[in-house]
Amino acid sequence: MKSGNSYYLTTPIYYTNAAPHLGHAYTTIAADTIRRFKGMQGLNAVLATGTDEHGVNVERAAQAQGKTPQEYCDVIAEEFREQWRTLGLAIDRFERTTSDRHARNVQDLFLRCRDRGYVYKGQYQGQYCIFDNLYVNEAKPGDPCPECGRPTETVTEENYFFRLSKFQDKLLDLYNDRPDFIQPDTRRNEVIAFVKQGLQDLSITRTSIKWGIPVPGEPQHVFYVWFDALTTYLSAVQGENLWPADLHLIGKEIVRFHAVYWPAFLMAADLPLPKKIFAHGWLLFENDKMSKSRGNIVRATPISKVLGADALRYFLLREVVFGQDGSFSYDALVGRYNSDLANGLGNLASRTLTMIHQYCGGAVPESGGASHIAEAATKTTAMALDYFEKLDFSRALEGIWGLIAAVDKFIVERAPWKLARAGGEARQQLEETLYSAAEALRIITALLYPVIPESAEKIWWQLGYTHPISEVRTRDLNWGRLAPGQLLGAVSGVFPRADAKASIERMRALETEEYARQQALLGKSVPVPAPRADSKISIDEFLKIDMRVGVVKEAAAVKGSDKLLHLQVDIGEAKPRSIVAGIAGAYKPEALIGRKVAIVANLQPRKLKGLESQGMIIAASLDDGPPALVSFMEDAPIGARLR
RNA sequence: GCCGGUGUAGCUCAGGUGGUUAGAGCGACGGUCUCAUAAUCCGUAGGUCGCAGGUUCGACUCCUGCCGCCGGCACCA
C-alpha cells in the first residue's frame, strides 16, 4: 500500500547503449523540478531513474571493448549517475536492470502473470539476422537486416507470450475512466486509436539472447526488453510503500510501452496502476532532430559549466512548452539567459538588496508593502502553482516573470534613490517600496526554487535566511512573511551577464571535449556503426553482388504509399527492370527520368504494394535522413558493372 | 492513403461560444533614470492573421477546397 503523504515519480531508465546527452537531461531535469515542487507542497517526493542494461546491443558494445557486459554497464551506469550529480539533480533511487532485486521482481511479475493465465509458451516466428544477432520485428521474409543489410532469415523459436490481446477492452475502459492517465491529450488519442484497432499477443522472452534476466526454472529463456525494463519502476521502490507511482515521465517515443503494455502487465499481475503517464516532446537541435547519425547531439554538462545548470534548466522549461517538441540552440539559450535571468531576476535581486543595504542599513524595513504589488504577488503565486501542478512550466515561468517586470516598474515609479535623498516624510514611502520589492523577491525566489534551485538558494541566503530554501512550503508564499528587521546577507550577482559570442564558443569547445570523452567511454565502434574487424568480407563475397549502371525510363508514385516510387530502369537488358524504391520523400518522379543510377541487379525479386521489384536502387542515407541516389561524374555506360 | 494537430509581427507564442484601431515577450531602433549586472523604465517601427472561395450586416475566429509543416496508423526501414 502506498502512504498518503508520498509522491513517487520516475523517469525512463536510460539504455546504456549511449552516454547521457541533452535529451536524457531534459527528462531528468523536468522530473527533478516536479520532485522539488511536490516537496514544496509538503509531500515526501521520491524520484527514481536508472539504467536499462540488457540486450544484444550492450553485449556487443562490451565485447568490442573486451569487457564483460557487466563491466561495461558499470562504467556507463556510473556515467549517468555522475551526470545527474554534476547537474545537481535530486535523484532518490537509481535502479539498474542488472540489480539482483530487480531480477527477482521481473521473475515475480512473470510468475504472477503466468499464474493468472496471461502467459503461454508459443512459437515465435520472425526475421532474424544471424550476423548481428538481431530480431527484426516487422521485417518480412527476404528483407535485409537494417544493421548490416544482409538478408534476414526466418527463425522459429519457442518464446513466452503475454496475452495482450485480452486487454483491449480493459485498457479502453481505463483510458475512458481516467482521462488523465495519459497526457497530453494528443498522446492519449493516439494510444486509444492504437488499442482500438486490436492488440496482438506480445513475445516477452527470447532464447538466443544471453545477457538478460532468466525465466524462472528455464534459464535458456531470457526476458526481452519491455517486460524487464518497465518493471524497474517497481524494483526501485521495493518494500517502500510507494507503489503505485504518481507519475511516469517519459518521452513521446515510448508512449505505447508505458500506456499499453505496462498497465496490461500490471493488470495481469493484479497490481495497482500508475496514476499518470506524461509524455514530453522531443528536443530538437536548431530545429533538426538530434540523432547519432547527424552528429548533432548536444550534452548538458558543457552548458552547465559555462552558464550554470540553472540556466539550462530555466531555458528548457521556459522555452519549450512541456509536452510539445521544442528547439535547443546556443543562441536562444544565451538570449534567454541574458534577458530573463541576468537582466530580469538577477538584476532585480541585485538592485533591491543593494538599496536595502544602502538606505536601510541592511535590515528589512518595517512596512506592510504596497497593496498593488501584494495583490500582483498573490495572483501570480496562485497562477504559477496552478501551472506547475499541470506541468505547464513555460506558462508558470512566464507568469512569474510578469511579476518581476511589475516590481521593476514599481521601483522606477517610486524612485527610492530620490526618496532617500529627500528624507523626512519620504522615508515611509522609501521603506514601503523596498519592503515590497524585497518581499516580492522572496516570493519569486521561493516559487522558482523547483526550477532553478541553486540560484534560488543563493538569493535566499542574500535575503538573510538561515534555513535552506528547500524547507519552504507553499503556505510560506503568502504576502507579508518577510520579517521586518531581518538582516540581509552580502549581495553578489547571481546571474552575471554573459558575453554571447564568447560563451557560445566556450560551450562548443567543451562540447567537443565532452563528446570525445564519452566516445572513449563507449568504445569507438558503438556510436558510429562502422564496419568491425570481424565483419570484413572477401572479394568473392563482394562480387556476388551484381551492381549495374542503369537509366531511369519511367517513374511514377505508387498508389497508397508515401515513400515508394515505381521505376522502370534500363540496364541494357531486353526489357527495363521494374524497381520499387522508397525514395518518394526525396525525389519527384519526373526529376528522375533520364537519370543514371546504380542498382543491385541480382537481388531476389519481391513484391511491394502489389508491384514487383526486380532490384534495388543504391542510395546513401542516414537512419532518419532523406536518401541520396548514387550518381556518376563521368559518363557511365548503361549496363556497366560497379566494382 | 486514413486519422489528428498546426500554419498570426525577424524569433517564440496569446488570441472562450464571430463585432470598434489583431496582442505579449525577445530582438531592432529612439529616449529616460542612475538603486542595479552597458541593467530598469518609456516610446517607435514591424503582420494581405498559409492560399482561394463561401456563410454573415460583419471572420484571425464558422464552413468547403487547396498548400505547407508536425505526429499516429498503414507502409517503409
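The values are calculated or read from the model by the stated rules, or taken from the named source; none is laboratory data. Computed from a predicted model, the values in this text were never measured in an experiment. Cβ placement follows ideal geometry from the backbone for every residue including glycine, while neighbour counts extend to all protein chains displayed.
Annotations for the structure displayed:
- Some residue of segment A:247-265 being charged (D, E, K, R), touching a residue at least 40 places away in the same chain (Cβ under 8 Å) and part of a loop (DSSP other than H, G, I, E, B): no
Here is a yes/no grid of residues against (1) more than 7 Å from RNA strand B (Cβ to nearest atom); (2) basic (Lys, Arg):
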residue	(1), (2)
A:335	no, no
A:347	no, no
A:351	no, yes
A:375	yes, no
A:395	yes, yes
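- Those residues of segment A:171-226 which are surrounded by fewer than 18 Cβ atoms within 10 Å (Cβ to Cβ) and of a type in the set (Lys, Arg), in sequence order: A:178, A:196, A:210
- A residue that is within 11 Å of RNA strand B (Cβ to nearest atom), more than 28 Å from residue A:517 (Cβ to Cβ) and part of a helix (DSSP H, G or I) cannot be found anywhere in segment A:275-285.
- Hits in segment A:38-72 (condition: modelled with pLDDT under 95 and small (Gly, Ala, Ser)): A:55, A:61, A:62, A:64, A:66
- Scoring residue A:314 on the criteria (1) closer than 20 Å to residue A:438 by Cα; (2) among the aromatic types (Phe, Trp, Tyr); (3) more than 9 Å from RNA strand B (Cβ to nearest atom) leaves a single failure, condition (1).
- Residue within segment A:13-31 that is buried (at least 24 other Cβ atoms within 10 Å of the Cβ), in a strand (DSSP E or B) and either at pLDDT 95 or above or β-branched (Val, Ile, Thr) (or both) present: yes
- Residue A:388 meets the conditions (1) buried (at least 16 other Cβ atoms within 10 Å of the Cβ); (2) closer than 15 Å to residue A:314 by Cβ; (3) within 15 Å of RNA strand B (Cβ to nearest atom) in every case but one. The failed one is (3).
- Every residue from segment A:82-99 that is closer than 28 Å to residue A:59 by Cβ and either of a type in the set (A, V, I, L, M, F, W, C) or in contact with a Gly (Cβ under 8 Å, 6 or more places away or on another chain) (or both): A:84, A:91, A:93, A:94, A:95, A:96, A:97
- Among the residues of segment A:463-509, those identified as outside any loop (DSSP other than H, G, I, E, B), touching a residue at least 60 places away in the same chain (Cβ under 8 Å) and not aliphatic (A, V, I, L, M) are A:470, A:474, A:503, A:506, A:508.
- Selection status of residue A:443, more than 13 Å from RNA strand B (Cβ to nearest atom), assigned to a helix (DSSP H, G or I), of a type outside the set (Asp, Glu) and within 15 Å of residue A:383 (Cβ to Cβ): yes
- Pairs where the first residue, in segment A:291-302, is over 11 Å from residue A:18 (Cβ atoms) and the second is at pLDDT 85 or above and surrounded by fewer than 16 Cβ atoms within 10 Å (Cβ to Cβ), C-beta under 7 Å, 6+ apart: A:301/A:86
- Residue match in segment A:356-370 (condition: surrounded by fewer than 18 Cβ atoms within 10 Å (Cβ to Cβ), more than 8 Å from RNA strand B (Cβ to nearest atom), of a type in the set (D, E, K, R) and not in a helix (DSSP H, G or I)): yes
- Long-range neighbours under 9 Å by Cβ, at least six apart or interchain, first residue surrounded by 21 or more Cβ atoms within 10 Å (Cβ to Cβ) within segment A:423-438, second charged (D, E, K, R) and outside any helix (DSSP H, G or I): A:431/A:366; A:435/A:366
- Scanning segment A:180-210 for residues that are under 15 Å from residue A:263 (Cβ atoms) and within 15 Å of RNA strand B (Cβ to nearest atom) gives A:182, A:183, A:187, A:188, A:191, A:192, A:194, A:195, A:199, A:202.
- Complete set of residues in segment A:315-334 that are in contact with a Leu (Cβ under 6 Å, 6 or more places away or on another chain) and part of a helix (DSSP H, G or I): A:315, A:318
- Options A:237, A:191, A:195: the member that is among the aliphatic types (A, V, I, L, M) and in a loop (DSSP other than H, G, I, E, B): A:237
- Residue within segment A:397-412 that is within 30 Å of the chain's Cα centre (by Cα), part of a helix (DSSP H, G or I), touching a residue at least 60 places away in the same chain (Cβ under 8 Å) and near RNA strand B (Cβ under 9 Å from one of its atoms) present: yes
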